[in-house]
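For reference, the structure discussed in these notes is given below.
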2 protein chains.
Amino acid sequence: MTVKKYKKTDQVSYTLGLTLTIELLLKKPDKVRNVYLHSTINKNDAYYKIEDLCQENNIPFLQSDKPFNILSNKENCYVIGEFEKFDKEIEKDQNHVVLVNPSNAGNLGTIIRTAVGFGINNIAIIKPAVDIFDPKVIRASMGALFHLNFEYYDSFKDYNNNISIRELYPFMLKGSISLSDLNPKGLYSLIFGNEATGLSDDYLEYGQSIIIKHTNNIDSLNLPIAVSIALYQATKDTFN
Amino acid sequence: MTVKKYKKTDQVSYTLGLTLTIELLLKKPDKVRNVYLHSTINKNDAYYKIEDLCQENNIPFLQSDKPFNILSNKENCYVIGEFEKFDKEIEKDQNHVVLVNPSNAGNLGTIIRTAVGFGINNIAIIKPAVDIFDPKVIRASMGALFHLNFEYYDSFKDYNNNISIRELYPFMLKGSISLSDLNPKGLYSLIFGNEATGLSDDYLEYGQSIIIKHTNNIDSLNLPIAVSIALYQATKDTFN
């Protein structure tokens, strides 16, 4: 057992928390190396569920406080799952969210949670970008990462050359139609820029640019908020 | 000059950052006591804007690194505004967001940013709840707090007895109509529960309960995401 502070280049990552670890054990049991329990954990239903899932899948179930001291600065973390990172290519013929250079781990996790919530299970990420296996991403996703297909691309062109034909919707303050007029009939990709800079004007050339209108009392919406509102609008006919 | 670590009981709070401090100086100049500059600040346009605003309003403009060491753990904070907390009662005859027991500062700030962005400038907060003047709330609001009217209430009944007649929309997993069917014609309040527990079943009695439908692959949407999607749906006819 050699738990270290997480680094992007590591072959393993960690679920810091009970709910996340249950999602991991349910969706990716073959990838789990160890499950660590803190000595002060309450033996409630969730605890026994984790114990059962570990036994079923022959996963070591170890009591040790050390991984918690190394990996977690949250007080309420009593279970850690250690798992091998995995590839899960996006489905080229499904609807996508495309994130160009996202930089914040919490934001990426929140976006994953909402996307999976609205049935969009494919996210393409254009580099440079935050590491999707950062434990902060996994935590903010509330485990939705384990339901997701994702792929990193070197450039938007690279992405665009590798997917099936579809409508492209870049979200920009210069967008030419309002989000409330978006009502996609076929396949689509919703495209968003970096937290600080948004999408460059180059994206005006791709497909139909969209604006989420708001008052002048704010400069912009925060990125996960903009993505979530767009996902709601694009998918709402699916959920009625 | 006696800058201390922020406490809820203090009479002053702080804007940690340049954009926030400009919003403060523009919207609440009479409340600003001091503006602090870090010794490594770049003298760019924003710097001169702050200097001008301080001079116009006779606000001390002080170079000192000490407040930064006490108040900020962000590396990229070079300006701090110190201001007196203020009251700004909600307009009883306008649309409201009502937050029942919100507990997270970043979430409250993000909700304020989106609400102001969609033209809802009145937020009622039911206690117990996070302190709206926590510098983390102000930072996450990106300064939108200075455009907001807000009021704390001891209970939802207390709130409801003090406002003009309107449609009440509690957002609940047990909600009886889907958000996409929400199309308010008159005054309304959008009501949301605590991050962990949501609204209790008691709220099924108030007005028309609403559900934001999502897949079973997530337990729920995160609170600022749910509030923002609801705000988008409720206000979208205003922005077209």
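Just so it is clear, none of the values below were taken in a lab; they were calculated from the coordinates. Since this is a predicted model, take the numbers as computed values, not measurements. Cβ coordinates were reconstructed from backbone atoms using ideal geometry, including for glycine residues, and neighbour counts include every protein chain displayed.
Annotations
- Between amide H atoms placed 1.01 Å from N, distances below 5 Å from B:N34 occur with B:E82, all of them 5 or more places distant or on a separate chain.
- Pairs of Cα atoms nearer than 8 Å and 6+ residues apart set the relative contact order; for the range A:81-129 it is 51 percent.
- Mean residue ellipticity (222 nm) of chain A, computed from DSSP H runs ≥ 4 via -39,500 (n - 2.57), nearest 500: -8000 deg cm²/dmol
- For A:L204, the distances from its label point to the matching points in the remaining copies are 5.3 nm, ordered from shortest, with each point set 7 Å beyond Cα toward Cβ.
- Helix B:18-27 axis, angle to chain B major axis (alpha carbon atoms, nearest 10°): 80 degrees
- Sorted from nearest, the other copies put their A:D65 label points 3.7 nm away, the label point being 7 Å from Cα in the direction of Cβ.
- Using a simple spin-label model with pseudo-atoms 7 Å out from Cα toward Cβ, B:N57 and A:T2 lie 5.7 nm apart.
- Shielding by partners, peptide A:111-118 (average Cβ within 10 angstrom, other chains): 5
- For chain A, the Kirkwood radius over C-alpha pairs fed into Stokes-Einstein at 25 °C and 0.890 mPa s yields D = 129 µm² per second.
- Cβ-based charge dipole, the protein assembly as shown, positive-most Cα from B:S72, A:I22, A:V130: B:S72
- Each residue of the range B:195-205 is assigned a 3J(HN,Hα), and the resulting list reads 3, 8, 10, x, 8, 6, 4, 3, 6, 4, 6 Hz, derived from the Karplus form 6.51 cos²θ - 1.76 cosθ + 1.60 (θ = phi - 60°), x at Gly and Pro.
- Qualifying GluC sites (Glu not before Pro) in the range B:1-90, where qualification requires a DSSP coil assignment and no more than 15 other C-beta atoms within 10 Å, comprise B:E75, B:E89.
- Residue-count net charge about B:K8 - beta-carbon cut-off 11 Å; Lys, Arg +1, Asp, Glu -1: -1
- Compared with the dominant principal axis of the Cα atoms in chain A, helix A:45-56 is inclined by about 80°.
- The string of couplings for the range A:224-231 from the Karplus curve (6.51, -1.76, 1.60, θ = phi - 60°) is x, 5, 4, 5, 5, 5, 5, 4 Hz, one whole number per residue in order, with x for Gly and Pro.
- Taken about its Cα centre, chain B carries a charge dipole of roughly 420 debye when the Cβ of each Lys and Arg holds +1 and the Cβ of each Asp and Glu holds -1.
- DSSP bridge orientation in the range B:32-113 - percent antiparallel, rounded to nearest 5: 60 percent
- Options B:I225, B:T197, B:T235, ranked by Cα towards positive dipole end of the range B:155-240, top entry (Cβ charges): B:T235
- Across chain A, Cα pairs under 8 Å and at least six residues apart give a relative contact order of 20 percent.
- For chain B, built as a Gaussian network whose Cα springs stay under 10 Å, the top-fluctuating residue of B:N44, B:N34, B:N222: B:N44
- With its label point defined 7 Å out from Cα along the Cα-to-Cβ axis, A:F86 lies at 5.4 nm from the matching points of the other copies, in increasing order.
- Nearest-20 debye value, the range B:81-135 charge dipole, Cβ charges on Lys, Arg, Asp, Glu: 220 debye
- Highest mobility in the GNM of chain B, judged by mean-square fluctuation with C-alpha springs under 10 Å and restricted to B:K66, B:K157, B:K92, is found for B:K157.
- Derived scalar couplings between HN and Hα for the range B:129-146 equal 7, 5, 7, 5, 8, 4, x, 5, 5, 4, 5, 5, 6, 6, x, 4, 3, 6 Hz in order, rounded to whole Hz, by the Karplus curve 6.51 cos²θ - 1.76 cosθ + 1.60 (θ = phi - 60°), x for Gly and Pro.
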